[in-house]
Amino acid sequence: MPLLRSAAVLLFGALVLTGCGDSDDSKDDRSQGAPAASGTGSGPDTKAFPATVDSGGAKVTIPAAPKKIVSLAPTATEMLYAIGAGGQVTAVDDQSNFPANAPKTKLSGFKPNVEAISNYTPDLVVTTDDTDGVVAALNKLRIPVVLTPAAKTFDDSYAQLNTLGAATGHSREAGEVATRMKSDIAAVVAATPKPAKPLTYFHELDNTLFTSTSKTFIGQVYAQFGLRNIADEADKSGSGYPQLSAEALVQSDPDLIFLADAGGGGQSAETVAKRPGWDRLKAVRGGGVVALDDDIASRWGPRVVDLVRAVADAVTRAGAAKG
């Protein structure tokens, strides 16, 4: 995600990089949309190299199938394991907690340290942003870097899977993962009853009521179910991540409230019910407060299918309650 001055966007950038907190013990590697536990798969297609791939809008050439990949982004880590390139990953950043067998280190995706990264002698580095000129610095060491900016659409996510597939020698597997994601998401959406009257929702990023609008990736997830975002009109700057006032939220009285700060932020149906005026909200009174898995709600790789399922379940329950 480009560096923007908006506090809301900076906040959301942090959530994307961290996956809303590091909670290894609370995650289940058997999640339905999860990568395989080992993620090693078959070896890379060495005949596919040299390979030239997209890197955040630029082109980067990878001379040979990488054997020592360093991933500085949790979403990229999950993608690499999902496409079978896990056996080529030698180090991941301090926020990459899925799958559990990923070689987690103290490397930071927020403040990448070129010397610390180079100590792992990588032949490929994958990261989200060109923070502090890390790309040029690593290129000077003849280490290719592939940028995978935070996805803005589903197609962006599929394209990144294919980019990482080409960069690691797993193009076939990457295509299969993307196709399966599309198919699974379409099936879940098709099987979910749509209420006669569109339901309204609020997606909470933190307890100061920063949120995301329909124009964001997460907004597209909700839009598939015909949900209406109460925060859209509040986004005067067009950042996609406005901050609502408590008064505006209570006045909007959404049917559903999704908490993307349930784990690291400690929020729940019980805690939000204690906020001033929230006990009168339809979502609170009718069981429409949904605690999301923090990581899945902010990492838009293969496990986004699980996020779609969580939203589908909430829509189904809310629709049944209204009917």
Discussion item. Tell me the angle of helix 7-18 to the major Cα principal axis of the chain, expressed in degrees between 0 and 90 and rounded to the nearest ten.
Written reply: 60
Worksheet item: In this model, which of Lys140/Lys215; Lys194/Lys215; Lys194/Lys282 are farther than 29 Å apart at the alpha-carbon?
Response: Lys140/Lys215
Worksheet, complete the sentence: Rounded to 0.05, the calculated FRET efficiency for the beta carbons of Ala273 and Ala223 at R₀ = 25 Å is 0.35
Worksheet item: By how many nm would the segment from Ser118 to Arg180 lengthen if fully extended, with 0.36 nm per residue of separation less the alpha-carbon distance?
Response: 18.8 nm
Worksheet item: How high is the FRET efficiency between Glu233 and Lys67 when r is their beta carbon distance and R₀ equals 51 Å, given to the nearest 0.05?
Response: 0.50
Worksheet item: If the limit is 20 Å between Cα atoms, which of Lys47/Lys104; Lys68/Lys104; Lys104/Lys152 go over it?
Response: Lys47/Lys104; Lys104/Lys152
Worksheet item: Nearest 10 degrees, 0 to 90: what angle lies between the long axis of helix 171-191 and the longest principal axis of the chain (Cα atoms)?
Response: 10
Item to complete: Would you grab the residues whose amide H sits under 5 Å from the one on Val89? Only those 5+ places off in sequence or on another chain, please, with H modelled 1.01 Å from N.
Response: Ile69
Item to complete: Classify segment 39-125 as rounded, prolate or oblate from the Cα gyration tensor: take a ≥ b ≥ c as the square roots of its eigenvalues, call it rounded if a/c is under 1.5, otherwise prolate when a/b beats b/c and oblate if not.
Response: oblate
Item to complete: Would you kindly derive the ³J(HN,Hα) couplings of segment 128-135 from the backbone phi angles with the Karplus curve 6.51 cos²θ - 1.76 cosθ + 1.60 (θ = phi - 60°), listing them in order in whole Hz, with x for Gly and Pro?
Response: 8, 10, 8, 6, 6, x, 5, 5
Worksheet item: Excluding ligands, DNA and RNA, what is the solvent-accessible area per residue of the chain at a probe of 1.4 Å, expressed in Å²?
Response: 44
Worksheet, complete the sentence: Computed about the Cα centre, the charge dipole of the chain from +1 Lys/Arg and -1 Asp/Glu charges at the Cβ has a magnitude in debye, to the nearest 20, of 520
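Using just the helices of the chain, give the 222 nm mean residue ellipticity in deg cm²/dmol: DSSP H runs with n ≥ 4 each add -39,500 (n - 2.57), and the total is spread over all residues, rounded to 500.
Per the formula, -10000 deg cm²/dmol.
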Item to complete: Using a 1.4 Å probe over the heavy atoms of the protein chains, calculate the carbon and sulfur portion of the accessible area of the chain as a whole percent.
Response: 53
Fill in: Charge dipole (the chain, unit charges on Cβ, about Cα centre) - positive-most of Ala223, Leu141, Thr131
Ala223
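Does segment 125-242 classify as rounded, prolate or oblate by the C-alpha gyration tensor (a ≥ b ≥ c root eigenvalues; a/c under 1.5 gives rounded; else a/b over b/c gives prolate, otherwise oblate)?
oblate
Would you kindly state how much longer the chain becomes between Ala248 and Lys140 on full extension, computed as 0.36 nm times their sequence separation minus their alpha carbon distance, in nm to one decimal?
Contour length minus Cα-Cα distance gives 33.8 nm.
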Worksheet entry | Phi to ³J(HN,Hα) by Karplus 6.51 cos²θ - 1.76 cosθ + 1.60 over segment 148-163, Hz, x for Gly, Pro | 10, x, 3, 5, 9, 9, 4, 4, 4, 5, 5, 5, 5, 4, 5, 5
Worksheet item: What list of ³J(HN,Hα) values in whole Hz, one per residue of segment 72-89 in order, does the Karplus curve 6.51 cos²θ - 1.76 cosθ + 1.60 (θ = phi - 60°) give from phi, with Gly and Pro shown as x?
Response: 10, 8, x, 5, 4, 4, 5, 5, 4, 6, 5, 8, x, 9, x, x, 9, 8
Worksheet item: What residues have an amide H closer than 5 Å to that of Arg228, excluding those fewer than 5 places away on the same chain, when H is modeled at 1.01 Å from N in the peptide plane?
Response: Leu199, Thr200, Tyr201
Discussion item. Helix 304-322 against the longest principal axis of the chain: what's the angle in degrees, Cα atoms only, rounded to the nearest 10?
Written reply: 10
Worksheet item: What residues have an amide H closer than 5 Å to that of Val289, excluding those fewer than 5 places away on the same chain, when H is modeled at 1.01 Å from N in the peptide plane?
Response: Ile257
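The values are calculated or read from the model by the stated rules, or taken from the named source; none is laboratory data. As the structure is a prediction and not an experimental result, all values here were calculated from the model. Heads up, the Cβs are rebuilt from the backbone with ideal geometry, glycines too, and the neighbour counts pull from every protein chain shown. We work out accessible area using only protein heavy atoms, side chains counted, and drop any ligands, DNA or RNA first. Shrake-Rupley method; radii C 1.70, N 1.55, O 1.52, S 1.80 Å.
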